[in-house]
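All remarks here apply to the structure that follows.
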C-alpha cells in the first residue's frame, strides 16, 4: 500500500505544484491515513503535510506512540 500510494500522491503533487498534502479519513480510513502519515513522516517525505483523522481506531502500541512523538510535531484528539 505504501509504495502504491506514494507513487499516486507524488504524481498528483507534481501535476499540482504549490498544493498542500492533507490526508483525511474517518474510522478505518483514519487508521489507514494515520499509519501512512507516520510512515511517510518517518521517511521525511512531503515536509509539512497534515493528517486529519476522525474516530481513529487504536492502531499502535505505547512503544510506537513514543517513537512517533519524536517525528510528529502536533497531534490532537477531538472528542465531540
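Of all residues in the range 17-28, those satisfying the criterion of being surrounded by 12 or more Cβ atoms within 10 Å (Cβ to Cβ) and touching a strand residue (DSSP E or B) at 6+ places or on another chain (Cβ under 8 Å) are 21, 23, 24, 25, 26, 27. Taken over the range 30-44, the criterion of being within 14 Å of residue 6 (Cα to Cα) and surrounded by 14 or more Cβ atoms within 10 Å (Cβ to Cβ) is satisfied by 32, 33, 35, 36, 37, 38, 39, 40, 41.
Computed from the coordinates by the stated procedures, all read-outs in this text should not be read as laboratory data. Worth saying up front: this structure is predicted, and the values here are computed from it rather than measured. Cβ atoms come from the backbone with ideal geometry, glycine included; neighbour counts cover every protein chain shown.
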